[in-house]
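Encoded as structure tokens, the structure appears first; notes follow it.
The values are calculated or read from the model by the stated rules, or taken from the named source; none is laboratory data. Everything quoted here is computed from the prediction, not taken from an experiment. Here the Cβ positions follow ideal geometry from the backbone for every residue, glycine too, while neighbour counts run over all protein chains shown. Areas reflect the complete protein model, heavy atoms only, side chains present, ligands, DNA and RNA absent. Shrake-Rupley method; radii C 1.70, N 1.55, O 1.52, S 1.80 Å.
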Amino acid sequence: MTLALGCIADDYTGASDLANTLTRAGLRTVQTIGVPADDLALPEVDAVVVSLKSRSIEAGLAVSRSRAAETWLRGRGAGHVLFKICSTFDSTDAGNIGPVMDALRADCGQAVVLVTPAFPETGRTVYQGNLFVGAAPLNESPLKDHPLNPMHDSNLVRVLARQSRTQIGLVDLATVTRGAGAVRARLAEFAGKGVGAAIIDAVFDRDLETIGLVAGEHRLSVGASGIGLGLARALVSTGKVRSASRSAETGAPVGGPAACLAGSCSQATLQQIANAERIMPVLHLDPDRIITGAGEAQRALDWARPRLAEGPVLIASSSTPDQVAALQARHGRDAAGHAIEQAMADIAESLVKSGVRRLVVAGGETSGAVVDRLRIPGFLVGVEIAAGVPVLRAVGAESDMLLALKSGNFGGAEFFSDALRLMR
Ligand code: ADP
């Protein structure tokens, strides 16, 4: 198998967003959790997104992990590698966007790297090198107060220049609007002047398509899901990839019992649980008993096991904001959250041992704990249940299984039944 596109994402949720965007654009896409083992068996796919947690770690470590991911992707034939960053360019003067870009650029010997965090459908646009979040320049947006990466400068040419060893240029919107030929000419000019990377403006999806076409002719690019969309559309429009129907990819039924776990206490999830009560048995865990180690996970398993043969079940720790606040006051916020996440992971592990092959998890942290515990190396991304929440098929895991992992506020009121309907 030869990958048409390899991606290295600097955080997990960004990786999921990119994998979903590529799939929507017609690429068969696998998202891996960390750099995969050399012998990971992959289905036939066009793109792999390697999820790292390298956004806010020490720059040297981010470089070495990104390089390991790059080696793996190039080893699978990836001609182009996208280094996926946050669409708000989260970074500091120490990195990690500049140092990782410099290292990957040196590895592949590319003259000029195109860089853009633009993703118009989420309100991220770049004009004259300045990043806008909706109507506000980056430095006036809530990102100015980000706890780890406060962004005080909207001019990305300057921001990147402070982090990179190479000179940074700008390909402005007027050039992008004139089309791929004009962008290529500007890059050739930059190469002659020793400019090693260029911020490229994009305000509309059609700009991303132009960028994707030109970037795809090179070995490396840097950006958010927007440039991923541009690269994917270019691969499909130039016939390098035959657009796939995502339902065909994860559609082969896995069968087996189904279960839902909810650790999110968001309004949306509370409503979704209430609606699920009408169609499946629901067990409400006692969070105090989880934290005091009173065998609550075992009680949940004893409750679930005899019911699984009859149909899906839902096990929820979720409670209302008042109850959450009271629990946190009694036990401490972190201790409570961690204990409940681990209990959910225990329950998931035992359910899978009991034969569950279709698992729906509500809650971002809860999903992370469950996926870690099940030691799933990666996912093939399938049909969307709700915006941003696809059906996932485990890749390289001990058992063939389907999962849906949703952040608290995602999904409609009937999310659990919507998910199970698509997870056969
Ligand atoms: P979301 O995606 O809605 O933020 P997460 O799973 O990321 O959901 O976070 C929810 C957090 O709340 C987790 O740490 C989870 O363990 C914790 N939690 C779950 N149930 C309760 C509860 N009843 N009281 C307090 N905390 C809870």
(message) What is the distance in Å between the Cα centroid of the range 371-386 and that of the range 179-245?
(response) 29 Å
(request) Rounded to the nearest Å, what's the spacing between the alpha carbon centres of the range 56-114 and the range 141-163? Just the number, please. (result) 18 Å
(request) Show the residues, 5+ positions off or on another chain, whose built amide H is closer than 5 Å to the amide H of C260. (result) V313, L314, I315, V360
(request) Report Rg (one decimal) and Dmax (nearest whole number) for the range 5-237, counting Cα atoms only, units Å. (result) 16.0, 47
(message) I'd like the Karplus ³J(HN,Hα) series for the range 97-111: coefficients 6.51, -1.76, 1.60, θ = phi - 60°, whole numbers in Hz, and an x wherever there's a Gly or Pro.
(response) 5, x, x, 5, 4, 4, 5, 5, 5, 4, 4, 9, x, 7, 5
(message) Along its three principal axes, how long is the range 350-391 when you only count alpha carbons? Whole Å, largest extent first please.
(response) 30, 21, 19
(request) In debye, nearest 20, what is the charge dipole magnitude of the chain about its Cα centre with +1 on Lys and Arg Cβ and -1 on Asp and Glu Cβ, if you could check? (result) 820 debye
(request) Give me the number: length gained by fully extending R178 to R305, i.e. 0.36 nm times residue separation minus the C-alpha to C-alpha distance, one decimal in nm. (result) 39.5 nm
(request) Sum up the charges of everything whose Cβ sits under 13 Å from the Cβ of R373, counting Lys and Arg as +1 and Asp and Glu as -1, but leave R373 out. (result) -4
(message) Suppose R0 equals 22 Å. What FRET efficiency, 1/(1 + (r/R0)^6) with r the Cβ-Cβ distance, do D93 and Q128 give to the nearest 0.05?
(response) 0.55
(message) Name the residue from S66, A174, L374 whose Cα lies farthest towards the positive end of the charge dipole of the chain, charges +1 on Cβ of Lys and Arg and -1 on Cβ of Asp and Glu.
(response) A174
(message) Testing the spin-label approximation: label points 7 Å from Cα along Cα→Cβ at A252 and K53. State their distance in nm.
(response) 3.3 nm
(message) How much length would be gained if the chain were fully extended between D288 and S350, taking 0.36 nm per residue of separation minus their Cα-Cα distance, in nm to one decimal?
(response) 20.2 nm
(request) Add +1 for every Lys or Arg and -1 for every Asp or Glu among the other residues with Cβ under 10 Å from the Cβ of E349, and state the total. (result) +2
(request) Under a cut-off of 19 Å between alpha-carbon atoms, report the lysines in cross-link reach of K144, not counting same-chain residues fewer than 8 places apart. (result) none
(request) Given the options I290, I200, I273, state which has the largest fluctuation in a GNM of the chain using a 10 Å cut-off (strictly under) for Cα springs. (result) I290
(request) Order T320, T13, most accessible first, counting only protein heavy atoms with a 1.4 angstrom probe. (result) T13, T320
(message) Quick check: the distance between the Cα centres of the range 284-304 and the range 22-47, to the nearest angstrom?
(response) 36 Å
(message) Of the candidates R65, R330, R184, which one comes out as most mobile in a Gaussian network treatment of the chain with C-alpha springs shorter than 10 Å?
(response) R330
(message) Compute, for the range 5-237, the length of the dipole vector about the Cα centre, with Cβ point charges of +1 (Lys, Arg) and -1 (Asp, Glu) only. Units Debye, rounded to 20.
(response) 360 debye
(request) Taking 7 Å along the Cα-to-C-beta vector as the label spot, tell me the T71-A136 distance in nanometres, rounded to one decimal. (result) 4.3 nm
(request) Work through the residues other than E70 whose Cβ is under 15 Å from its Cβ and net out their charges, Lys, Arg +1 and Asp, Glu -1. (result) +3
